Every structure is written in structure tokens, then in C-alpha cells.
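To start, the structure itself, in C-alpha cells.
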Amino acid sequence: MEKLRILIADDDEGVRSSLRLLLHRSGFETVMVPDAAGAIDVVRSETHLDLALIDMNFTRATSGDEGLVLLRQIKIFRPDLPVILMTAWATIALAVKGVQAGAVDFVSKPWDNRGLLQQLRSAIEVYGTRHDADGDAGFDRSGIIGESPRMLEIIATLKKIAPTDASVLIMGENGTGKELIAQAVHRNSPRRDRPFVKVNLGGMPSTLFESEMFGHKKGAFTGAVSDRPGRFAAADTGTIFLDEIGDLDMASQVKMLRVLQEHTYERLGDDRPRHVDVRVVCATNADLPSMVADRAFREDLFYRINLITIELPPLRERREDIPELVRHFARQNADENGGKVAHFDDGAMALLQKLPYPGNIRELKNLVRKCVLLVGKETISADDILPLIPPAGLEAASQESTFLPDANALDNVQCAAIKSAMQVHGGNLSRVAASLGITRQTLYRRMEKYHIDR
């Protein structure tokens with residue numbers, strides 16, 4: 001018979017050792033981790049877990065908040081997994097909070113060995129089930145293209161978190177598809193038939209923040225000629241997507257924190273509190289943990305918005321998805337503009353897979369659209385694409401000597417890159433070399449090799 005497997009999360013090595021010895025002697029298998037991050041990694045990767053026994057404090061704090069946050073995270077990824085909380089700072093209020101958050105029991109340190117074993121067995125017997133993934137059944141991933149390992153991991157996370165009301169923070173460079181992920185969260189949630197409201201906080205002046213987000217009464221300020229409900233009211237019972245949340249100034253962060261914590265707000269010019277029921281999905285290209293450390297972003301707001309964090313990889317880290325993305329954008333262009341779907345041959349695909357894409361998927365989409373519209377062929381080759389690529393991109397691609405099938409491909413790309421840069425910079429060789437990322441001496445040698453006249 002397969003042994004029961006228990007996750008132990010505690011920052012005290014002595015506690016972990018004692019529990020390992022006790023449980024192994026009693027016929028259990030254990031997985032030991034010293035912190036909350038390790039516990040989440042195990043929960044996400046281990047399919048065979050029967051129970052989690054987690055400490056409520058992983059630092060010097062004694063409030064139990066760390067354990068409650070970890071409990072909520074575990075229940076998102078494994079709602080079927082029974083969790084028992086453990087602390088040396090037990091209080092009735094803390095135990096009640098834990099049970100309300102989904103714990104099945106509470107253990108005080110120091111524990112009684114016989115009593116603890118009985119609690120574990122009872123919890124597994126009453127609440128324990130084996131986790132079976134339901135595959136892709138019923139999950140709508142439309143618009144999310146890619147089968148790379150990173151993307152499949154993100155899809156797996158979305159399947160688990162979308163049906164919940166957990167707050168989600170999506171992090172990634174510009175152009176990586178953060179809004180698509182936010183839409184997928186909403187589309188696969190119980191709120192799918194309710195509003196999805198996008199707010200670009202990066203483009204919102206701080207002076208307009210309260211009026212835009214919470215609304216205003218007529219006459220609240222000069223120019224307020226009528227009542228306005230605000231974005232939170234528009235998103236009520238649905239999902240609000242707060243894009244570029246890292247751009248919020250400190251004063252606006254305080255106001256945002258209040259509505260996210262208390263689910264209430266007041267319109268400008270109106271003291272009556274209004275309740276709002278929204279799921280919050282945030283996105284940013286900023287390094288929020290560093291901003292928190294630098295006190296440029298409130299720590300309490302950061303923890304409020306990132307119960308679950310999804311980090312989107314840049315396109316350069318998932319190049320195997322580029323051919324599928326290219327075909328998707330080509331089909332999309334044909335649907336929008338009519339005509340046949342353009343085909344990119346092997347050489348064209350190989351070239352596209354070697355470009356740097358600082359603008360990520362958005363840049364690739366624009367390049368495919370440009371190729372289809374300007375080349376005007378049913379089959380597009382690498383030679384058709386070369387004139388449409390910026391010099392820096394061509395130089396980066398030229399570092400890969402195997403991206404085209406013919407032997408002269410490298411020379412073709414390097415020559416085209418230099419000629420394009422010469423045009424852009426009016427023949428200024430210092431600027432040409434800088435734009436290509438090479439020295440002037442290297443530029444001279446290549447100009448001589450390719451017979452390029454100044």
C-alpha cells in the first residue's frame with residue numbers, strides 16, 4: 001500500500017527534524033521545506049500529497065498572517081488538500097481565522113505526539129483526496145499562443161486560479177501579453193458573464209485618480225457637470241484589470257489599498273460609502289519587490305495584490321513558440337483584411353526565430369503584419385523580410401550563422417544591416433557602428449568586405 005505523504009513547512013530545523021522522525025516511525029512519508037515559497041513550489045509540483053502541516057510564522061512576527069496567506073495560496077492550487085496550522089503563539093482568535101480560511105485543524109507547539117498523529121490521520125481520513133488534473137476540459141485559452149514549457153506552466157496555473165476570486169499579479173516586459181492573461185483569468189472564472197474593466201494606471205494623471213476610479217457627484221469640482229460612477233462601479237460583480245499598477249504614486253496607492261482591503265469607497269463630493277464586489281487582476285513591467293525595498297511601492301498594497309503571481313517570459317526566452325505565433329498573426333491578418341493566408345517559408349521562419357524582439361510579441365505581430373502588407377506574396381522568404389528589419393535586429397540575427405539554409409545568408413544579413421544603418425544615420429560611421437553594436441574598426445572591415453562605399 002502506498003504511504004501517506006505529508007508536507008511540513010516550518011522555518012525551525014529542530015521542529016522539522018522532530019516531525020520527520022515522528023512521522024517516519026509512524027509510516028508516513030514527508031516533504032520538508034523551511035519557508036512559504038518552498039511550500040508553494042511543492043504544492044504546485046507534487047501530485048501525491050495527502051496533507052500539509054504548516055507553521056503560521058516564518059519570521060520573528062507572531063501575528064500568524066504569514067501562515068494565513070500561505071494557507072490561502074495552497075487552497076487556490078490544491079483546494080482538496082487538507083491543511084493543519086501549527087504555531088507556538090496559539091489563540092482562539094487565530095484558530096478561528098485559520099478555520100475560516102480553510103484549515104481543517106490547529107496544532108499548538110509543543111505538541112503531544114500521540115494527539116498530533118491522531119489529528120493527522122483523522123484529517124486525511126475525513127478530508128483527504130487524491131488530486132487528479134482535469135486537463136484542458138472547459139478551459140478557454142483563446143489568444144494565448146504557445147506550447148513551450150514556460151507557457152504550459154502558465155496555462156496550468158491559470159486553470160487552477162481562474163475559478164477562484166484570488167487576486168492575481170501579472171509581471172512581465174512590455175508586449176509579453178499581460179492583458180491576454182488577465183482576460184483569460186476573467187473568461188474562465190464564474191464572473192465571465194459580468195464586466196471586465198481595464199484601467200491603464202500608467203496613463204492616468206494623479207489629479208484625476210479619485211474621479212476616474214471612484215467617480216464623482218455633480219458639482220464636486222469645477223467641470224463636474226454631471227454624476228460619474230467611476231471604474232470600480234463599472235466593474236462591480238466582475239473583474240477590474242489594473243494595468244501598470246507600478247506607476248501609481250504613493251497618495252494613490254493609499255486610496256487603492258483602502259478599496260481593495262475594505263471593498264468600499266466614496267465618490268468625490270459624496271460621503272456615502274459604496275460597497276463593491278470585484279476580482280482584482282493587476283499587471284506591471286516594473287520590479288515591484290525592488291520598489292517595495294526602496295519604499296517606492298507600499299508593502300501592504302503589494303501583498304494585497306499578489307496572492308498569486310504570474311511571470312510572463314520575454315519572447316527571446318520562448319523562441320520555440322515563434323513559428324506558431326507567426327502563423328496565428330498571418331491568419332489574423334487574412335481574416336481582418338481578406339485574401340489568402342501568407343505562408344512564411346523555412347528560411348523566413350528561421351530568421352524570425354533569431355531576432356531579439358525587445359518589444360516581444362507586440363513587435364513580432366507588427367513585423368508579420370508589415371511583411372504581409374508590404375511584400376504582397378503568398379509565400380514570404382527571408383530575403384523578403386530582410387529590408388523590413390531594423391539594423392540592430394539584423395546585426396543581432398547575424399550572430400547566428402545557422403539561421404538560413406544557404407551559405408551566403410550571414411553575409412547577406414550583415415551587408416543589409418550596414419546599408420540600412422548607413423541610411424538611417426546619414427553615413428555617420430560612429431553612429432552606424434554604435435547602432436550595430438560593433439566598433440568602428442569592425443565596421444570598416446565589413447564595409448571593405450561587402451564593397452560598401454561611404
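The values are calculated or read from the model by the stated rules, or taken from the named source; none is laboratory data. Small disclaimer: the values here were computed from a predicted structure and weren't measured. Using ideal geometry, Cβ is built from the backbone for each residue, glycine included, and neighbour counts are taken over all protein chains shown. These accessible areas exclude ligands, DNA and RNA; they are computed on the full protein's heavy atoms, side chains included. Shrake-Rupley method; radii C 1.70, N 1.55, O 1.52, S 1.80 Å.
Going by what's in this entry, would residue 258 be described as surrounded by fewer than 21 Cβ atoms within 10 Å (Cβ to Cβ), assigned to a helix (DSSP H, G or I), of a type in the set (Lys, Arg) and free of Cβ contacts under 8 Å to residues at least 60 places away in the same chain? Answer is yes for this residue.
All of 279, 272, 267, 231 fail the test of being under 16 Å from residue 199 (Cα atoms), of a type in the set (Lys, Arg) and either at pLDDT 95 or above or more than 22 Å from the chain's Cα centre (by Cα) (or both), apart from 231. For the range 207-223: of the residues being in a loop (DSSP other than H, G, I, E, B) and surrounded by 16 or more Cβ atoms within 10 Å (Cβ to Cβ), which is modelled with the lowest pLDDT? Selected residue: 220. Within the range 89-108, residues that are within 15 Å of residue 57 (Cα to Cα) and of a type in the set (S, T, N, Q) reach partners that are open to solvent by less than 40 Å² (accessible area, probe 1.4 Å) and at pLDDT 75 or above with beta carbons closer than 9 Å, at six or more positions or on different chains, in the pairs 108/86; 108/87. Scanning the range 1-22 for residues that are in contact with an Asp or Glu (Cβ under 8 Å, 6 or more places away or on another chain) and open to solvent by less than 30 Å² (accessible area, probe 1.4 Å) yields 6, 7, 9, 10, 15, 19.
If the condition is being in contact with a helix residue (DSSP H, G or I) (Cβ under 8 Å, 6 or more places away or on another chain) and farther than 14 Å from residue 327 by Cα, then the range 338-362 contributes 347, 351, 354, 355, 356, 357, 359, 360. Considering the range 425-453, and only residues there that are of a type in the set (Lys, Arg) and surrounded by 13 or more Cβ atoms within 10 Å (Cβ to Cβ), the residue that is farthest from residue 415 (Cα to Cα) turns out to be 431. If I ask for residues that are open to solvent by 10 Å² or more (accessible area, probe 1.4 Å), more than 21 Å from residue 290 (Cβ to Cβ) and outside any helix (DSSP H, G or I), which ones from the range 231-255 would you list? Within the range 231-255, 236, 237 meet the criteria.
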